[in-house]
Structure formats: structure tokens, C-alpha cells
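For reference, the structure discussed in these notes is given below.
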């Protein structure tokens, strides 16, 4: 397992198959290609649903409110938590987007955002990767690799990349 490095913008996003927990609590096996059938996907990687030092986890991004603001963009969270934990997390925080269970870290490893934490578990660095329908990486951000680091992506920069990709009417998603 290498230090996290992400993938290059303009490169091809690796295909994967995994268990996906939808916001309604249903679970299905899906591939990235299947997700992309409905438009661009923003993959958000995190070590776990609720890291003890950061119990809000992905919710800091969810609270901005723009994840659900555009029907042309899908957000898919990815962590090593199992599907039952994902179901509880989605219900607890009323998430409007699905979560992939990456138990062994294979998805994070393919995306170059994997590290081995002090407990020798494979985890993902907090990261975001925007993938278009042709599996081209249109944007990426890779945070610090320390498990206690709770970095948040530059939301204005990510908003610009998403706007360019989904070509929706001018909408600020609460960021401007």
C-alpha cells in the first residue's frame, strides 16, 4: 500500500463493484459504470462513517446543502464501514446520497487514496473525485493522510469543477 497520491485529472477512473447502501436503506451490488449511467459521479472517500475524532465525518460536506441541489450530479460516499453501519449512519444524519462499503479498501486503493492506519487497517484518506460519464476524472482533491486529520476540500474550487461538468443553470449551492 503506497502513500495516498490520487489519480490525475484527465485520466480514466478505475472501474469497481461494491455494495451500495442507498439513502432509503436498501442495499445493492453496483459498479461505477452503472452509477455513471445516470450522469457524473462525485466520489467522496473517508476512512469510516464516524471517526471518533470527527463524528460528523462526511456530514460537514452534506450540511452545505448542495449535494442534493443538482439532479445532474450523483454523490457516492466510500468508506470501509459495512453496510449495516452505513444504514445506521444514513438514518442518523438523514443523508441524501448513497454510501459504498469498501471493506477491504480495494476501491480506495484503485483510486490511490489508501493508507494503512496505526491499527494496521486499510483506510481511505478523505478525498473527492469527480468522474464524468466516460469515466474521465474531471476533478480530484486528496486530503492529508493522517487519520486524525479532518481536512475539507476547497468547496469553491469543487463547485466550479462540478458546474463545468454538469452545465446546470447558474446556481451557487449556498457557496457564493
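What follows draws every value from the coordinates through simple rules; no lab data is involved. This one's a predicted model, so the numbers in the text were calculated from it and none came from an experiment. Note that we place each Cβ from the backbone using ideal geometry, even for glycine, and neighbour counts take in every protein chain shown.
Cβ crowding within 10 Å ranks 111, 97 as 97, 111, fewest other Cβ atoms first.
Relative protection proxy for 32-45, 122-135, from highest mean packing down: 122-135, 32-45 (other beta-carbon atoms within 10 angstrom).
Sorted by mean Cβ packing within 10 Å, highest first, what order do the peptides 9-15, 103-109 take? Provide the component values of the computation, followed by the final result.
Values: 9-15: 13.7, 103-109: 19.0.
Those peptides, ordered most packed to least, come out 103-109, 9-15.
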